[in-house]
Amino acid sequence: MKKSKLFGGLVLTASLFLAACGNGGTTADSSAAESSSSVAAEPTTVKIGLVSESAVEIWEAVAVRLEDENIDLEIVKFTDYNQPNIALDNGELDLNAFQHVAFLENYNANNDADLTPIGFTFVSPLGIYSNKYTEYSEIQDGDTIAIPNDVTNGGRALLLLQAIDLITLDNATGTTPTVSDIIENPKNLNIEELDAAQLPRSLEDAGAAVINTNFAVDAGLVPTEDALYLDTDNIQNVLDIYKNVVAARAEDVDNEVYKKVVAAYQTEETKALIAETTANTDIPAWD
């Protein structure tokens, strides 16, 4: 009888022990599952480099939409065109969105880089502005005209000056002419090359300046109202190489997360914001 009670007690104890182990195992498995779920729920961070305030406003709205995709878009703002490609190339950024194809190709060629467009954003006009004149035909003999000092925007600025008959360029120069390619300058204009971000300030002294839209808007100018001429006034003459893009490193062109970033940008909401932030100046390019 005592043995029977002892055996029963051992069985009961063993059962309680197994039950306890079973409960403990379930708790551990649940904790592991919860931990795994928690890790899976962590958003993917994507760092994107921008230059202008208007671009930041647009991409902040994109960032909100990307939250539904579990993507945390981190915006990094730069003050000039020189740094965003360097930062993307060396891995400090995942993407950037500030430049057209021509500027990107020039950077790659000069830096042995392989940055690659993964989606179009917009076409931004280049405009000529002046605090002294209300028509470009009023520009005087010997005036200083300030233009961007980088090869691609500088070349585009010279093509603009040619389009309004202020200079004539050597036809052999193609899409990236330089000041040395000017073959006719009837008004003896002094072409001064400056960092693009400094061009709005040059209006205090120069007769006129050819300014990128983002810097013009940041300086309080309204391109469609204040520019003496925009090169998109003749949009058929604006080459595809002047379409702005989202750029990534070549090895990331098929990155599914980055594709979602582009898709979140290329929306009707973005079109509306482009119109609002640039006073209907920039033209969406992805259609």
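The values are calculated or read from the model by the stated rules, or taken from the named source; none is laboratory data. Remember, it's a predicted structure, so these values are computed and weren't measured experimentally. A quick note on method: Cβ atoms are made from the backbone with ideal geometry, for glycine too, and the neighbour counts reach across all protein chains shown. Just so you know, the surface numbers come from the protein's heavy atoms only, side chains and all, with ligands and any DNA or RNA stripped out. Shrake-Rupley method; radii C 1.70, N 1.55, O 1.52, S 1.80 Å.
Worth pointing out:
- Segments classed as strands (runs of 3 or more DSSP E), wholly inside the stretch 72-148, with at least 3 members that are closer than 26 Å to Pro284 by Cβ: 95-100, 115-123, 126-129
Residues are listed down the side, and each one gets a yes or a no for (1) crowded, with 20+ Cβ neighbours inside 10 Å; (2) at positive phi; (3) touching a residue at least 12 places away in the same chain (Cβ under 8 Å); (4) assigned to a helix (DSSP H, G or I):
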{"site": "Ala209", "(1), (2), (3), (4)": "yes, no, yes, no"}
{"site": "Val245", "(1), (2), (3), (4)": "yes, no, yes, no"}
{"site": "Lys259", "(1), (2), (3), (4)": "no, no, yes, yes"}
{"site": "Thr270", "(1), (2), (3), (4)": "yes, no, yes, yes"}
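- Candidates Gly154, Gly142, filtered to the one that is in contact with an Asp or Glu (Cβ under 9 Å, 6 or more places away or on another chain) and within 30 Å of Lys187 (Cβ to Cβ): Gly154
- For the stretch 198-205, the condition of being within 21 Å of the chain's Cα centre (by Cα) and surrounded by fewer than 19 Cβ atoms within 10 Å (Cβ to Cβ) holds for at least one residue.
- Residue match in the stretch 180-187 (condition: open to solvent by 40 Å² or more (accessible area, probe 1.4 Å), polar (S, T, N, Q) and modelled with pLDDT of 95 or more): yes
- Restricting attention to the stretch 61-91, the residues that are of a type in the set (D, E, K, R) and over 28 Å from Arg156 (Cβ atoms) total 6.
- Screening Tyr265 with (1) open to solvent by less than 40 Å² (accessible area, probe 1.4 Å); (2) among the hydroxyl-bearing types (Ser, Thr, Tyr); (3) farther than 14 Å from Ile58 by Cα gives one miss only, at (3).
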